[in-house]
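Let me begin by presenting the structure, written as structure tokens, before commenting on it.
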Amino acid sequence: MIVDQSQETAYPSYLALDEILTPPSRTRPGGSGGTLLAVALRAQGLWFEQLLRELGALQRGLDRGDGPGALRAVDRSLRILRALVAQLEVVEPLAAWELAGGETAGPGAFEPAGFREAEAVLGWRDRRPSPADRRPSPADRRPSSTDRRPPSAEPYPAGGSPDGGGVTEAEAARHRPSVFDSLLGYLAARGYPVPCDLLYRDVSSPAAPSPGLQDVLVRVHRDDGAAAQICERLVDLDEGFQEWRYRHARIVERATGDDADPRGDVFAPVFPDLWAVRSLL
């Protein structure tokens, strides 16, 4: 086999190291706290972008009925969440006066790009603004019926954040089928009697706990097959996301003195039915 060496990809260019490793705050006045926060958030943003890719793979696996593929995607997602939680320890000791030039950092300064989109992809539909969502953005205006992205357009984005914080992407994700919706479709395709009002619900609205679905989930767990394993891994994923939210909220409160989670959703589950069924088994 002849290899064209001129087309061979070098390690630095393949990883875009010059772009990734250039701290945006290198010329910022003040102590090292601001640079530390910028680097940590950049790393968190990269991991959240990869998490969005894995959640997309999870949805595609569920939609195709590929249980093993969905389980592999959930496993990778859980590993990423553990890395995200561990990395928060780097910025945990920061105080507001250590950040940069005596400036005061607001809660939104600690929120990595991709976080709000990830929770929307999972199924979170609370529309109350987060601290990072309060800055002006195209998503702040009320979308009309003619300018919303249709649910079928790019259903599983790879990530990215043109507005810097992912507000626009998060709003778009709230109008697409979520991981929860893909799970319902997967269960229905396996022959489980998922309530029709959930299968054909408005995906932009919060999914209220459903006793009918919980009865179905009891049957799923008692069958103890691939569907039960997926449900269990989704509970693990939900728990990991709650842990990240809690650690993030405490870091913001410690550094700024502000309540980082005015919505009160630090421990709110994304999949309430998967938690509620535990008491029925």
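The values are calculated or read from the model by the stated rules, or taken from the named source; none is laboratory data. Bear in mind the structure is a predicted one, so any value in this text is a computation, not a measurement. Neighbour counts are summed over all protein chains in view; Cβ atoms, including those assigned to glycine, are modelled from backbone coordinates with ideal geometry.
Assorted remarks:
- Note on the stretch 183-202: residues that are in contact (Cβ under 8 Å) with a residue 40 or more places away in the chain and either crowded, with 16+ Cβ neighbours inside 10 Å or of a type outside the set (A, V, I, L, M, F, W, C) (or both) total 5.
- Applying the criterion of being charged (D, E, K, R) and under 28 Å from Leu84 (Cβ atoms) to the residues of the stretch 221-241, the residue that is surrounded by the most Cβ atoms within 10 Å (Cβ to Cβ) is Asp238.
- Unique residue being surrounded by fewer than 17 Cβ atoms within 10 Å (Cβ to Cβ) and aromatic (Phe, Trp, Tyr) when the list is Trp244, Trp275: Trp275
- Within the stretch 187-199, being under 22 Å from Ala70 (Cα atoms) and part of a loop (DSSP other than H, G, I, E, B) holds for Arg190, Gly191, Tyr192, Pro193, Val194.
- Leading residue by the ranking (modelled with the lowest pLDDT) among those in the stretch 257-279 that are over 23 Å from the mean Cα position of the chain (by Cα) and closer than 13 Å to Cys231 by Cβ: Arg278
- Verdict on Val218 being in contact with a Phe, Trp or Tyr (Cβ under 6 Å, 6 or more places away or on another chain), touching a residue at least 40 places away in the same chain (Cβ under 8 Å) and either surrounded by 15 or more Cβ atoms within 10 Å (Cβ to Cβ) or in a helix (DSSP H, G or I) (or both): no
- The lone criterion from (1) surrounded by 15 or more Cβ atoms within 10 Å (Cβ to Cβ); (2) small (Gly, Ala, Ser); (3) in contact with a Lys or Arg (Cβ under 9 Å, 6 or more places away or on another chain) left unmet by Ser205 is number (1).
- Scan of the stretch 37-81 for residues that are of a type in the set (D, E, K, R), closer than 18 Å to Gly240 by Cβ and touching a residue at least 24 places away in the same chain (Cβ under 8 Å), ordered by number: Glu49, Arg53, Glu54, Asp75
- Test: Leu62 is crowded, with 18+ Cβ neighbours inside 10 Å, farther than 16 Å from Glu117 by Cβ and modelled with pLDDT of 90 or more: yes
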